[in-house]
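Right, one structure below, let's go through it.
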Amino acid sequence: MSAREWEEYNKGKLEGLLRKLANEREIRLLVDKVFQRAPDIADEMFQGIEEYPKTHRKNHLVNKIVSKITFLTNNLNVSRDLGLPRKITDYVKYIDLFVLTQRSKSKTWKVYHLENYKKPENWADLDLLEIAVQFRYKLKSTMRTQGYCTSVQTETEENRLWFSISYVRKTKNKDNDKRKLLKARYQYLVHYPGEPYLYLAGAAKLPDELGKAFVDCVEAKGYKPLPLQGKYLDSLRQLRLNREVQGSKARLLQQSLASASLEDPNLGSIFK
């Protein structure tokens with residue numbers, strides 16, 4: 001595939017992803033995030049939008065965004081001065097993950113328990129963006145030690161982290177590895193910092209190398225799948241939290257009865 005064909009291919013992917021966004025509000029949110037280092041560009045995207053019929057605005061915005069990204073990735077000095085990505089594939093990866101955050105119910109999510117997970121002492125005081133940056137660095141580093149060339153994209157939303165991860169086995173041909181990585185399948189993960197669970201999108205199970213890398217990042221001892229899956233992340237999370245509360249109450253009750261049985265031998269029979 002020539003450079004021109006590769007650009008056209010990625011422009012098509014960009015356009016397809018942008019059209020998955022439901023409305024002007026979601027597009028505005030995306031534009032603000034993509035061009036957060038160049039807010040003037042974000043404002044420029046929406047200048048004069050009121051002049052278009054509401055039914056035509058989305059199409060106009062999509063074309064305008066693709067055109068701007070194409071310009072930026074073809075004029076590297078401009079991108080560099082603005083502190084924006086210089087590769088069209090970087091935009092594709094981020095926008096793909098952003099669309100997932102808006103359309104998470106289009107996936108089936110599986111739940112994994114992070115065994116012996118220890119909540120960081122100061123986790124409540126940490127900035128979510130800072131946590132995302134740390135995770136990105138740790139995941140890439142851990143996957144590298146396992147022998148993989150890895151791409152990690154992160155996004156934050158309220159109290160959760162979103163991950164889009166792709167990787168290929170490293171070889172001596174770095175250029176070839178990079179080309180393969182561009183075409184590698186994405187794995188989508190969600191994690192709520194401070195909670196011992198990991199959510200994986202899709203029907204396949206969590207690849208062992210990726211599970212091990214995440215376990216290392218949170219300093220857990222291992223991971224295991226739970227018999228729980230669904231399309232709504234908030235519901236899955238709430239179900240897990242409810243079960244934790246019920247389990248804690250049951251353990252407290254058992255401890256209380258065990259203590260009472262020491263004083264009343266007649267109570268001891270329920271533990272036999």
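The table below lists the values:
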| read-out | value |
| --- | --- |
| Share of carbon and sulfur in the accessible heavy-atom surface of the stretch 1-111 [1.4 Å probe, %] | 48 percent |
| Evaluated at q = 0.11 Å⁻¹: base-10 log I(q)/I(0), Debye formula over Cα of the chain | -0.74 |
| For the stretch 202-211, 3J(HN,Hα) per residue [Karplus equation, 6.51 cos²θ - 1.76 cosθ + 1.60, θ = phi - 60°, Hz, x = Gly/Pro] | x, 7, 6, 7, 5, x, 4, 5, 6, x |
| Rounded, prolate or oblate (a/c below 1.5 giving rounded, otherwise prolate when a/b exceeds b/c) for the stretch 153-223 by Cα gyration tensor | prolate |
| Interchain or long-range residues, amide H under 5 Å from Leu126's placed H | none |
| Amide proton proximity set for Gln187, modelled H, under 5 Å, gap of 5+ | Ile165, Ser166 |
| Length added when fully stretched, Asp32-Arg169, from 0.36 nm per residue minus Cα-Cα | 45.8 nm |
| Cα centroid separation - the stretch 113-141 against the stretch 194-228, whole Å | 14 Å |
| The stretch 120-246 - percent of accessible surface contributed by carbon and sulfur, probe 1.4 Å | 49 percent |
| Note, ³J(HN,Hα) from phi for the stretch 40-49, Karplus 6.51, -1.76, 1.60, rounded to Hz, x at Gly and Pro | 5, 5, 4, 5, 4, 4, 9, 5, x, 5 |
| Solvent accessible area, Å² - Tyr52, 1.4 Å probe, full protein context | 90 Å² |
| On Cα atoms only, tilt of 88-102 relative to the major axis of the chain in degrees | 50 degrees |
| ³J(HN,Hα) computed for each position of the stretch 161-174 - Karplus, 6.51 cos²θ - 1.76 cosθ + 1.60, integer Hz, glycine/proline x | 10, 10, 10, 10, 10, 10, 7, 9, 5, 6, 10, 6, 9, 5 |
| Heavy-atom surface of the stretch 1-160, accessible at 1.4 Å and reported per residue (Å²) | 57 Å² |
| Proximal aspartates and glutamates to Lys212, defined as alpha-carbon separation beneath 14 angstrom and excluding residues fewer than eight positions away on the same chain | Glu115 |
| Under 19 Å from the Gln229 label point (7 Å along Cα→beta-carbon), backbone N, the stretch 99-126 | 104-114 |
| Relative contact order (%) - the stretch 112-251, alpha-carbon pairs under 8 angstrom, separation at least six | 30 percent |
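The values are calculated or read from the model by the stated rules, or taken from the named source; none is laboratory data. Everything numeric here is computed off the predicted structure, so don't read it as measured data. When we count neighbours, we look across all protein chains shown, and the Cβ atoms used for this are built from the backbone with ideal geometry, even at glycine. For the accessible areas, the whole protein counts, side chains as well, though only heavy atoms, and no ligand, DNA or RNA atoms are used. Shrake-Rupley method; radii C 1.70, N 1.55, O 1.52, S 1.80 Å.
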